[in-house]
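Undergrad: The following block contains the structure, expressed as structure tokens.
The values are calculated or read from the model by the stated rules, or taken from the named source; none is laboratory data. Not measured: the values here are computed from a predicted model. Here Cβ is always computed from backbone atoms with ideal geometry, including for glycine, and neighbour counts include all displayed protein chains. These accessible areas exclude ligands, DNA and RNA; they are computed on the full protein's heavy atoms, side chains included. Shrake-Rupley method; radii C 1.70, N 1.55, O 1.52, S 1.80 Å.
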Amino acid sequence: MKKILYLAFLVACSTFAQENIGYQRPPEAIAKLLEAPLTPFVSFSPDKQWMLLLDRSDFPTIEQLSRPELRIGGLRINPQNFGPSRSNYTVGLKIKRLNDGEELIIKNLPDPLLASNISFAPDSKKIAFLQNNADKIELWLVDVITLTAAKLTERKINNVMGGYTWLSDSQQILFAAVPENIKPLAEKSRVPSGPIVEENLGKKAPSRTYQDLLKNPHDEAAFDYYAQSDLILKSINGTEKTLSTKAIHSGFNPSPDGKLILTEIIQKPYSYLVPAYLFPTTVSVVDLDGKLVKEIAKIPLLDYIPTGFNATQREPRAHNWRTDKPATLVWVHAQDGGDPKAKADLRDKVYTWDYPFSGSAKELISLPLRFSRISWGNDNVAWVYERWTSDRKERVYQVNPTTGVKKTVFDRNYEDGYNDPGSVITTPNQYGRNIMSITNNTVFLTGAGASPAGDLPFLDKMDLTTGKKTRLWQCAAPYYETFITFLDSKKGTFVTSRESNTENPNYYVRTIGSTKLSPVTSFPHPYPQLKDVTKQVLKYKRADGVELTADLYLPPGYKKEDGPLPGFVWAYPREFKSADAAGQVKGSPHTFTRLSWGGPLYWVMRGYAVFDNASMPIVGEGTTEPNDTYIPQLVASAKAVVDYGASLGVLDPNRVGVGGHSYGAFMTANLLAHSDIFKAGIARSGAYNRTLTPFGFQAEERTYWQAPEVYYQMSPFSYADKLKEPILFIHGEADNNSGTFPIQTERFYNAIKGHGGTARYVVLPYESHGYAAKESIMHTLWEMDTWLETYVKNPTEKPKDTKVNMKY
């Protein structure tokens, strides 16, 4: 009966241009999963004596999402409280003492608590957070000794670009405040003063498709109004000092010794073509009175940066403090003009400059690839990372900051998860800054431990002289367990997060060399109805021999003798330069079945075989680009997962749906346009016409003018006349993701409709690229469920031949 009503509704919608049906609620088997209680987040104090338990806010209502919002300069601003307009908050805050496990209540917290930006002081004796009220943002402080919270200042916080940060003495906080006595922003005149004109006089200024840009002089005035702040230095004992007034402080970073401040202030002229983080910026060092110590750099408007993933600005960038020294600046400067297409033996140089910044900066290291990041250790050790995207190369150098002597620690293909050495573990120093944890000339490494058996996270130690690594601990089946933090590296005690298919992630204390496991938390299973869901990591091959994987979920109580099930494949294509890397096993068969608002696992409770994270690798080895053969590789991967599921006896190949979000939506549309593998598809918040993203998309670095055939052939819009299987489009009205403008879905839907295809287009008011409001998410799940039930589980057409029919 439900199916008949839905089909009748579709007929009505084919007659009328649109229909207002109100927000719908999906079946209770799905709705109750979405409404399950959220497991708290946790955070550890720098001294590892305390654990914060952070209760997370539920989904906001559509009424909350519909409140005033400014979309300017690439930002989304709440004009009522000078903060971001779309945030998740901590709504409950408790603290646990780790030495005895006692959970303690914090008194005098705001009611209701809407906390963000929660951080311990470097000495672990205080906790700061922002309280996000409807009309203002406040800075609060929790005394860990008395377990009492109090508002720290009467000044309103400006969190559009600022927020706050601790100084290393744990007695002072630096924050951005709404300027005092600020007058209301003038209303936008309905009568324009003239046309808006942009002009380019021969300058190359390619850019990707950014959202929420400035559009007119009023937007510029609004950006000035809401982004400007006073920079305030506040003592937790009461004194307050204004260091800078009515400037757009895009960054402020105290030196490790707490005596200087590195500031970044946005300057005019602004741009209508790029977001605020590319606007002109002045980088300076000031003292604790706000007096200029040194102007470090003046960065112009960065609208000229070339295309390509290793492209960057010509000017010095990434200004920061060396974390192991009192007041030493560090930055990077491109040696190739920031252009990855330029021939150059050296791409970047890293410089340091000691206070008082006299004389010249010192070169730390020259890099043949693009700088990625740096981990500081001490006067003798730092690790500098470089990367190059086109060949997936990563190198890590160990450099002596005093002598400049360097050696290569790791030289690898970063796509190769099986040989990933992991990341170096850091620990807070006397300044509260993270440095490499070095003991007896060894460092610690932790990583995912990817292997043919799945991820097996590990903890290693490595000798800095010889490079020899020793395995100290590794997770073992049937659990998935990850290293979180050391409690005491000298004693070998550390915290892990441990889970299994049926056990919610919880935290435990381990000691190196011991099998003893001491629980720290006991969070309950949030979805007891999923306990009997079975999970299996499938391994199979594509027709060309590329190895693939997928996570198969089967309904509770299902047995093969029950017969094959309808299926739902959910995926997101990824590009690789190596077939071997593409075929590596991703994830673990032992992870907990956790739900997200946008995942496919809800349908295991509706009787589907769910194939989540199905591999859709797009491989281009050597000089071949992956996207040169995007369509045949995509179709081959999809055929492989359906064929393998059918060979197991759990999947009915004539009743399979496919879906994805963003680039997964793009994938879905292409699969329906170029094959007959699936009965129907669900495409959420995608882009379908690549000529609308002409300067590159996803991992494609070539422009439309360099590879027009690739852009055309990859665009499902080009094949709208071939798409006959039913497709459900869902898109947020206010999508802010680069490239996925709602017009992408609107035009594609119209093209399919114009050729007589079966399609449905759902626009979610006020929603962005990821959906937020509970009503929106519930309705999305209802739309998806009804689509799958109508066109996949109970199709009216006769079964198709399982042979793939490529549509060209």
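Undergrad: Given a Förster distance of 41 Å, report the FRET efficiency between Ser66 and Thr691 from their Cβ-Cβ distance, rounded to the nearest 0.05.
TA: 0.80
Undergrad: State whether the range 378-504 is rounded, prolate or oblate according to the following rule on the C-alpha gyration tensor (a ≥ b ≥ c being the square roots of its eigenvalues): a/c under 1.5 gives rounded; otherwise a/b larger than b/c gives prolate, and the remaining case gives oblate.
TA: In terms of gyration-tensor shape, oblate.
Undergrad: Compute the label zone of Val509 within the range 84-108: residues whose backbone N is under 11 Å from the point 7 Å along Cα-to-Cβ.
TA: Counting backbone N atoms under 11 Å from the label point, the list is 97-102.
Undergrad: Still on this structure, I have one more. Mind giving me the nanometre distance, one decimal, between the label points for Trp705 and Thr485, set 7 Å out from Cα along Cα→Cβ?
TA: A separation of 5.1 nm, rounded to one decimal place.
Undergrad: Taking every DSSP beta bridge with both residues inside the chain, roughly what % is antiparallel (nearest 5)?
TA: Here the share of antiparallel DSSP bridges comes out near 85 percent.
Undergrad: What is the spin-label model distance, in nm, from Asp345 to Ser189 if the labels are put 7 Å beyond Cα along the C-beta direction?
TA: 6.0
Undergrad: Show Asp354, Asp416, Asp735 ordered by accessible area, largest first, where the area counts protein heavy atoms only and the probe is 1.4 Å.
TA: Asp354, Asp416, Asp735
Undergrad: Right, something else. In the chain, if every C-alpha pair distance is counted and binned at 20 Å from zero, what percent goes to each bin?
TA: 14, 45, 37, 4, 0
Undergrad: Between Lys469 and Gln529, what is the spin-label point distance in nm, taking each point 7 Å from the Cα along the Cα→C-beta axis?
TA: Modelled inter-label distance: 4.3 nm.
Undergrad: Of Thr629, Thr403, Thr389, which has the most accessible area and how do the rest follow, probe 1.4 Å?
TA: Thr403, Thr629, Thr389
Undergrad: Here's a follow-up. In the range 620-690, what is the volume of the convex hull around the alpha carbon atoms, normalised per residue and reported in Å³?
TA: Looking at the range 620-690, the number lands at 94 Å³ per residue.
Undergrad: Thr245's amide H: which non-local residues (gap 5+, or another chain) put their own amide H closer than 5 Å, with H modeled 1.01 Å from N in plane and none for Pro or chain starts?
TA: Leu231
Undergrad: Further question on the same structure: What accessible area per residue comes out for the chain, rounded to a whole number of Å², with a 1.4 Å probe?
TA: I get 43 Å² per residue for the chain.
Undergrad: Additional query: For Phe678, Phe309, give the ranking by accessible area with the largest first, probe 1.4 Å.
TA: Descending accessible area places them as Phe309, Phe678.
Undergrad: Continuing with the same structure: For each pair in Lys151/Lys325; Lys298/Lys341; Lys241/Lys298; Lys156/Lys183, compute the distance between the two Cα atoms and list the pairs where it is over 21 Å.
TA: Long pairs (Cα-Cα over 21 Å): Lys151/Lys325; Lys298/Lys341; Lys241/Lys298.
Undergrad: Now for a different question. Bin width 5 Å, alpha-carbon pairs only: give the P(r) of the range 716-801 as whole percents, running from 0 to the bin holding the largest distance.
TA: 3, 13, 21, 19, 21, 14, 6, 2, 0
Undergrad: Can you classify the range 316-383 as rounded, prolate or oblate using the Cα gyration tensor, where a ≥ b ≥ c are the square roots of its eigenvalues, rounded means a/c under 1.5, and otherwise it's prolate if a/b beats b/c and oblate if not?
TA: prolate
Undergrad: Something else: Give, in whole angstrom and from largest to smallest, the semi-axes √(5λ) of the equivalent ellipsoid of the range 521-576, with λ running over the eigenvalues of the Cα gyration tensor.
TA: 28, 19, 10
Undergrad: Just the number: Rg to Rh for the range 586-647, Cα atoms, Kirkwood Rh, two decimals.
TA: For the range 586-647, the value is 1.07.
Undergrad: Using a probe of 1.4 angstrom, how much of the accessible area of the chain is carbon and sulfur, in percent?
TA: 50
Undergrad: If you place +1 on the Cβ of every Lys and Arg, -1 on the Cβ of every Asp and Glu, and leave all else neutral, what size is the dipole of the chain about its Cα centre, to the nearest 20 Debye?
TA: In debye, rounded to 20, the chain gives about 540.
Undergrad: Oh, and also: Assuming 0.36 nm per residue, please report the length gained on full extension of the stretch Ile105 to Tyr540 beyond their Cα-Cα distance.
TA: Net length gain for the segment: 151.5 nm.
Undergrad: Test of understanding: what is the full-extension gain from Ala205 to Lys151, defined as 0.36 nm times their sequence separation minus their Cα-Cα distance?
TA: Value of the extension gain: 14.8 nm.
Undergrad: Using 1/(1 + (r/R0)^6) with R0 = 30 angstrom and r between the beta carbons of Asp411 and Asn440, what's the FRET efficiency to the nearest 0.05?
TA: Given R0 = 30 Å and the Cβ-Cβ separation, E is 0.70.
Undergrad: Listed here are the pairs Lys136/Lys246; Lys126/Lys516; Lys96/Lys126; Lys407/Lys461; Lys349/Lys468; Lys560/Lys586; which of them are more than 22 Å apart at the Cα?
TA: Cα-Cα > 22 Å for Lys126/Lys516; Lys349/Lys468; Lys560/Lys586; rest within.
Undergrad: For the range 681-808, what is the relative contact order in percent, using Cα pairs closer than 8 Å and at least 6 residues apart in sequence?
TA: 26
Undergrad: Can you tell me the dipole magnitude for the range 126-170 around its Cα centre, using point charges on the Cβ only (Lys, Arg +1; Asp, Glu -1), in Debye to the nearest 20?
TA: Dipole size: approximately 80 debye.
Undergrad: Another one. Where a ≥ b ≥ c are the square roots of the eigenvalues of the C-alpha gyration tensor, would you call the range 490-641 rounded, which needs a/c under 1.5, or, failing that, prolate if a/b is larger than b/c, or oblate?
TA: In terms of gyration-tensor shape, oblate.
Undergrad: Given the range 447-550, what whole percent of its Cα pairs are spread farther than 23 Å?
TA: Roughly 42 percent, rounded to a whole number.
Undergrad: Where the centroid of each part is defined by its Cα atoms, how far is the range 756-792 from the range 600-678 in Å?
TA: A separation of 20 Å, based on Cα centres.
Undergrad: Along the Cα-to-C-beta direction of Glu180, a point sits 7 Å from the Cα; which residues of the range 206-230 have their amide N less than 13 Å from that point?
TA: Counting backbone N atoms under 13 Å from the label point, the list is 230.
Undergrad: Starting from 0.36 nm per residue, how many nanometres of slack lie between Asn88 and Ser451 once their C-alpha separation is accounted for?
TA: 127.2 nm
Undergrad: Would you mind calculating the relative contact order of the chain from Cα pairs under 8 angstrom and at least 6 residues apart, reporting the percent as a whole number?
TA: Relative contact order comes out at 9 percent.
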